[in-house]
Amino acid sequence: MQELIDFLSRLTDTRDWPPRWLCGHWTDFHGWLYIGSDLTIWLAYMGIPLILLRFIFIKKGIPLPGVFALFGAFILLCGTSHLVDATMFWWPAYRFNALVRFLTAIVSVATVFALIRYFNEAVGLRTSSEYERELAIRQQILQELSRSNQELEQFAYVASHDLQSPLRTISSYLTLLETNYGGHLDDQGRHLIQTSTAAASRMRVLINDLLTFSHVGSALEFTEVNLQDLVAEILEEQQHEMNAVQATIEVGPLPTLQAGRTELKQLFQNLITNGLKYHRAGVPVQLQVQAKELGNSYQFSVTDNGIGIDPKHYQRVFQLFQRLHGRARYPGTGIGLATCKKIIDIYGGKIWIDSVPGNGSTFYFTIPKHIQAIRQYTELTSLQASN
Ligand code: ADP
């Protein structure tokens, strides 16, 4: 310990040694060749860490920056030891020289360990040509996906659209049948007509909901949407349903967004009407629609005091056609929440549920303040998920 203290306290003491020029027999040529080469190596070694530093600075987010930093320090210390070696010709600070070499030794061993540690990771890093190949494959897949999405969207649209016309015919003929020939039929005959009429009107709702779902994201037109007004408009339209369940609703304050009015209306409408629909028998409905700012996005919540949802179904209810209750108890198609999720996915937000079964549910969702819509939405995933 005493030796170390002594060593450090006399780090730059040069009294114990003669300058290197005076050790042995140096010719001018030999000495200056040594000094000149050491100084050149030092200068070159100083350049490398500067280039590395500039590289790390320009190329932010490069992989393995720690190895780059260690490598830079290693080169810097190697250069310094050459500089000190050259100065020994006039300034024989051998203790200081030993310290620089000791530090260089530590850093070089650390660099070797870091390189060994990161070797596999470094081998795994892709070269630019590998990146380009991967990018080309990804673009091809993306094109294929977007083509199949377009086809699927078109199929859903055409199927739903074209199904409407024969369905209208069936419904009106059923009505005609009942009006003109109902008197000639017995109870069972009339019951069959009524069941068919109900089935046809369910199918109409289903087709309309599917049409809405397939349309989401196909024509995004962003305007300024005052959500306070939008929700007021929805509540006005739902007045009849609200009265039926003695609903009281607390709203907002809600912000104004630059977004698609149609999509936002579908989103809030689905959640509000679900809040009214999935109520507990005999319990007046209480709904709350709220918003709060969360950095770059808004977080909205629609809370009800209804029947609630078992946590094991939190994911399932967002899939197409997934319903937790029979049609006889609660009518519906199982498309509403899938539509909400599709809208939120397109807007780059998140949607989730928090619920106490038997006590009520809260549907949370986030929407970025500046929406950058993903236009090519992969409907395929939701359709597949529901299979
Ligand atoms: P729909 O209401 O037409 O059945 P949704 O996609 O809107 O379809 O909802 C899917 C299912 O999630 C519903 O069938 C219901 O079981 C459940 N659900 C949705 N909203 C609520 C809610 N507020 N409270 C309880 N259950 C709900």
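The values are calculated or read from the model by the stated rules, or taken from the named source; none is laboratory data. All of these numbers come straight from a predicted model, not from anything done at the bench. With ideal geometry, Cβ positions are generated from the backbone for all residues, glycine too; neighbour counts draw on all protein chains shown. Each accessible area value is taken on the protein alone, full model and side chains, heavy atoms only, with ligands, DNA and RNA left out. Shrake-Rupley method; radii C 1.70, N 1.55, O 1.52, S 1.80 Å.
Of Ala159, Ala73, Thr127, whose Cα points farthest to the positive end of the dipole of the chain (charges on the beta-carbon: +1 Lys, Arg; -1 Asp, Glu; origin at the Cα centre)?
Ala73
Where the only charges are on Cβ atoms (+1 Lys, Arg; -1 Asp, Glu), what is the dipole of segment 2-124 about its Cα centre, to the nearest 20 debye? Before the final figure, lay out the partial values.
Values: 9 positive and 8 negative charges, 93 e Å.
About 440 debye.
Quote the convex hull volume per residue of segment 54-185, based on C-alpha atoms, as a whole number of Å³. Each step should come with its number before you reach the end.
On the way: hull volume 27.1 nm³, N = 132.
Dividing the Cα hull volume of segment 54-185 by its residues yields 205 Å³.
With an 8 Å Cα cut-off and a minimum separation of 6 or more residues, compute the relative contact order for the chain in percent. Each step should come with its number before you reach the end.
Details: 459 pairs, mean separation 46.4, N = 387.
RCO, the chain: 12 percent.
Can you list, bin by bin at 20 Å, the percent of alpha carbon pairs in the chain, starting at 0?
P(r) over the chain, rounded to whole percents: 19, 32, 19, 17, 10, 3, 0.
Could you work out which residue, out of Ala328, Ala159, Ala244, moves most in a Gaussian network model of the chain, that is, has the largest mean-square fluctuation with Cα springs under 10 Å?
Answer for the Gaussian network model of the chain: Ala328.
On C-alpha positions alone, give me the angle between the axis of helix 261-277 and the longest principal axis of the chain, in degrees, nearest 10.
Its long axis makes an angle of about 60 degrees.
Sort Glu237, Glu134 by accessible area with a 1.4 Å probe, largest first. Don't skip to the answer; put the middle values down first.
Working: Glu237 100, Glu134 50 Å².
Ranked list, largest accessible area first: Glu237, Glu134.
Leaving out ligands, DNA and RNA, and with a 1.4 Å probe, what % of the accessible surface on the chain is carbon or sulfur?
Here it works out to 60 percent.
Can you give the extra length, in nm with one decimal, that the chain gains between Asn359 and Leu192 once fully stretched, where that is 0.36 nm per residue apart less the Cα-Cα distance? Before the final figure, lay out each step's value.
Details: separation 167, 0.36 × 167 = 60.12 nm, distance 3.91 nm.
Difference between extended and current length: 56.2 nm.
Over the chain, average the accessible area per residue using a 1.4 Å probe and give it in Å², no decimals.
Working: 23690 Å² over 387 residues.
Averaged over the residues of the chain, the accessible area is 61 Å².
Need one number: nm distance between label points at Ala219 and Arg138, each 7 Å from Cα along Cα→Cβ, rounded to one decimal.
Reported label-point gap for Ala219 and Arg138 is 3.3 nm.
Report, in debye and to the nearest 20, how large the dipole of the chain comes out about its Cα centre when Lys and Arg carry +1 and Asp and Glu carry -1 on their Cβ.
Details: 32 positive and 34 negative charges, 98 e Å.
Dipole magnitude for the chain comes out near 460 debye.
How far apart, in nanometres, would the label points at Gln299 and Trp91 be if each is projected 7 angstrom from Cα along the Cα-to-Cβ direction?
Using points 7 Å along Cα→Cβ, the separation is 6.0 nm.
Does anything in segment 261-295 have its amide N under 16 Å from the 7 Å Cα→Cβ label point of Tyr157, and if so which residues?
Once the point is set 7 Å along Cα→Cβ of Tyr157, 263 turn out to lie under 16 Å by backbone N, inside segment 261-295.
Would you mind getting me the FRET efficiency between Tyr118 and Thr40? Use the beta-carbon distance for r and R0 = 35 Å, nearest 0.05.
0.65
Between Tyr314 and Asp229, what is the label-point separation in nm under the 7 Å Cα-to-beta-carbon projection?
My value for the distance between the label points is 3.6 nm.
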